[in-house]
Amino acid sequence: MTATTLKETITTESVRTGLRLNTTYYRLELRRIMRDKVTLFFTVGLPAVMYVIFGASPDYGDEPIRDGNVAMWIMIAMAAYGAVSATTGIGGSAAIERMQGWTRQLGLTPMRPAEFVAVKAATAMTVAAAPILIVFAIGALTGASAPLHVWVLSALVLVVGAMTFALYGLGFGLAFRSEAAVSAAGGALVVMAFFGNIFIPLNGWQLLVAKFTPLYGYVSLARRPLTGGNTIDPETGDLIPEPLWQVLANVSFWTIAFAMLTMVLVQKGRGRQ
Amino acid sequence: MTTTHTPTIHLRGVQRTFASPDPEVGEVRAVDGIDLDIRPGEIVALLGPNGAGKTTTLDMVLGFTEPTAGAITVFGLAPQEAVLSGRVAAVLQTGGLLRDLTVRETVELVASTHPNPDSVDGVIDRAGLGAIQQQRVQSCSGGEQQRLRFALALLGDPDLLVLDEPTTGMDVAARHEFWASMRAEAEKGRTIVFATHYLQEAEDFAQRTVLMANGRIVADGPTDEVRRHAAGRRLSARVADGRIDEVLAEIADLPIVRSAVIERDRLVVETNDSDEIARLLLGTLGGSDLEIEAASLETAFIQLTRTGGAS
């Protein structure tokens, strides 16, 4: 049978290469996400609606930013919010699964931890891509404009950068050990998004504070292909240069902080079992 | 292939202590020095009350917890390596399932982690899950979830099957059905180790019983021998006035008697040989109004730990 032969080939292949993506597990993870309609609405539907209200409809959307416009600037922010909501949810659900003993169950199989991480990372990438694609598609149809390379680069930064927030969701879930905590992590994203220059363009002292918050670096980096490395003064529309190192420092700091927090909590959890 | 010289499970001087959540208590010694060898093809019950150290012992065999002291090998390997090799499978006590998957999806998922899994349909059939395979895990009863865990354990065609109180939360019928499917698996020559606090389950299913209490092994041998230790009888009888002290002294000296006391003008005797004691009491000792009941397992555990164990 061809199916059997194919399966054997894949198995042999995996033994040789050491790591493969478990596509069955990946497919079932996506199916679980599709079943959770409420979360799906908040991660995909809500950012799309917010973009339409704040980006596509108002007149200021047509105001130019270099070769693009303000609608594009808002679109990237809303896609960013959707992407991090999605990955926070994946990270948080992994923490809940661990609490409910699923990690123990997998610990009884020949599956190695690296394969599990690969499945979760692929799932997080996919769910992060969904709101980005949908918000970008709506943006393209409703007046967001920029050169093609801006669309592509922004989308890439958004997908990859959202992974940091999978660690955030995982760390939050491991620290507080309840499903409510994972919902709270999602709620805290709203506050972070406000201070991350996502929902409202900030200036003055608010912008200064914002530069230290977790979502700021991520969304600024994603907007950089559009802004060419500037922030925008919401009063005057002037472009204010922002050094790249500031943005990168923010992203690196928070990624490392979330990763270390998660590692410490995983170690601690092991001692408790 | 395992040679007959390599025990399937080998424990030497194994200890495990935990930091107690109560700072005044300090450390809790869950497992307190265990030696145990389980040979290929054996069916062994780990019997003991809650807190005896059964789960901690099994957790160490499965590589979830490291012993504080002592050595453990499974198929001659470190426990975690043995699990990764796919030769060991376990049915966990609770949890360990994703509630939003269906029964069949769960089996498919775990099958995908094995290099050469048994057929999904075959395993579903053997675990008696055919009728509920499209049902979500969250709407399955405790017994159904336990059968699902059992199915997951079968997927890798393991040589060693470890079960931690597998029938918890099952009603009598479900329990019966579960052991029937277990028996079918045992006939395939698998080594089976299960923890239980039901003496009945050990008697029905295991050739060998390891009795644990307070982190130690207090008895280890063929199940009916251990049962004789564990499940004595309790007799009580009225004895003619004035003779009771004399009778008590006589009874208490017999080697088959574990304990003999006077409780509210009745003589109460715990023994392994109730027939003999009954004969004596009603015969030469002039007792009347005899009652015989099975001593509870808990009583037996206390007895065995107090006397330092037997085997």
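The values are calculated or read from the model by the stated rules, or taken from the named source; none is laboratory data. Bear in mind the structure is a predicted one, so any value in this text is a computation, not a measurement. Because the Cβ atoms are built from the backbone with ideal geometry, glycine has one as well, and the counts that use them run over all protein chains shown. Ligands, DNA and RNA are stripped out before the accessible areas are found, and what is left, the full protein with its side chains, is counted by its heavy atoms. Shrake-Rupley method; radii C 1.70, N 1.55, O 1.52, S 1.80 Å.
Only one entry in A:Leu133, A:Leu167, A:Leu156 is in contact with a helix residue (DSSP H, G or I) (Cβ under 6 Å, 6 or more places away or on another chain), away from chain B (no Cβ under 14 Å) and either part of a helix (DSSP H, G or I) or surrounded by fewer than 21 Cβ atoms within 10 Å (Cβ to Cβ) (or both), namely A:Leu167. So, of the residues in region A:47-63 that are at pLDDT 90 or above and out of contact with any Phe, Trp or Tyr (no Cβ under 8 Å at 6 or more places or on another chain), which turns out to be surrounded by the fewest Cβ atoms within 10 Å (Cβ to Cβ)? Looking at residues that are at pLDDT 90 or above and out of contact with any Phe, Trp or Tyr (no Cβ under 8 Å at 6 or more places or on another chain), I get A:Ile53. Residue-level check: of (1) within 27 Å of A:Ala144 (Cα to Cα); (2) loosely packed, with under 15 Cβ neighbours inside 10 Å, A:Arg223 misses just (2). Only one of these is of a type in the set (A, V, I, L, M) and modelled with pLDDT of 95 or more: B:Leu109, B:Leu92. Name it. Of B:Leu109, B:Leu92, the one residue that is of a type in the set (A, V, I, L, M) and modelled with pLDDT of 95 or more is B:Leu109.
Just the residues that are under 21 Å from A:Asp238 (Cβ atoms) and either within 26 Å of the chain's Cα centre (by Cα) or outside any helix (DSSP H, G or I) (or both), please, taken from region A:55-66. Passing the criteria: A:Gly55, A:Pro58, A:Gly61, A:Glu63, A:Pro64, A:Ile65, A:Arg66.
Conditions tested, residue by residue: (1) away from chain A (no Cβ under 11 Å); (2) among the basic types (Lys, Arg); (3) over 24 Å from the mean Cα position of the chain (by Cα).
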residue	(1), (2), (3)
B:Asp100	no, no, yes
B:Gln133	yes, no, yes
B:Arg136	no, yes, yes
B:Ser141	yes, no, no
B:Arg149	no, yes, no
B:Asp159	yes, no, no
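Checked against the criterion of being touching a residue at least 60 places away in the same chain (Cβ under 8 Å), touching a Leu at 6+ places or on another chain (Cβ under 7 Å), among the aliphatic types (A, V, I, L, M) and within 30 Å of A:Asp67 (Cβ to Cβ), the candidates A:Ala210, A:Ala193, A:Ala175, A:Ala162 yield just one match: A:Ala193. When region B:52-80 is filtered for residues that are among the β-branched types (Val, Ile, Thr) and more than 7 Å from chain A (Cβ to nearest Cβ), the ones remaining, listed by number, are B:Thr55, B:Thr56, B:Thr57, B:Val61, B:Thr68, B:Ile72, B:Thr73, B:Val74. Between B:Val83, B:Val110, the distinction of being facing another protein chain (nearest Cβ under 7 Å), of a type in the set (A, V, I, L, M), out of contact with any Gly (no Cβ under 7 Å at 6 or more places or on another chain) and outside any strand (DSSP E or B) belongs to B:Val110 only.
Filtering region B:36-77 to residues that are at positive phi and not in a loop (DSSP other than H, G, I, E, B) leaves only B:Gly70. Just so you know, in region A:87-102 the residues that are at the interface with another protein chain (Cβ under 9 Å from one of its Cβ atoms) and open to solvent by 40 Å² or more (accessible area, probe 1.4 Å) include one that is nearest to B:Leu155 (Cα to Cα), and it is A:Gln100. Per the conditions (1) open to solvent by less than 60 Å² (accessible area, probe 1.4 Å); (2) assigned to a helix (DSSP H, G or I), the sole criterion not satisfied by B:Glu177 is (1).
Assessment of region B:142-153 against the conditions (over 28 Å from B:Gly41 (Cβ atoms) and among the polar types (S, T, N, Q)) yields at least one matching residue. Take the conditions hydrophobic (A, V, I, L, M, F, W, C), facing another protein chain (nearest Cβ under 10 Å), within 26 Å of B:Ala174 (Cβ to Cβ) and buried (at least 19 other Cβ atoms within 10 Å of the Cβ) and apply them to B:Ala89. Does it pass? Spelling it out, B:Ala89 is indeed hydrophobic (A, V, I, L, M, F, W, C), facing another protein chain (nearest Cβ under 10 Å), within 26 Å of B:Ala174 (Cβ to Cβ) and buried (at least 19 other Cβ atoms within 10 Å of the Cβ).
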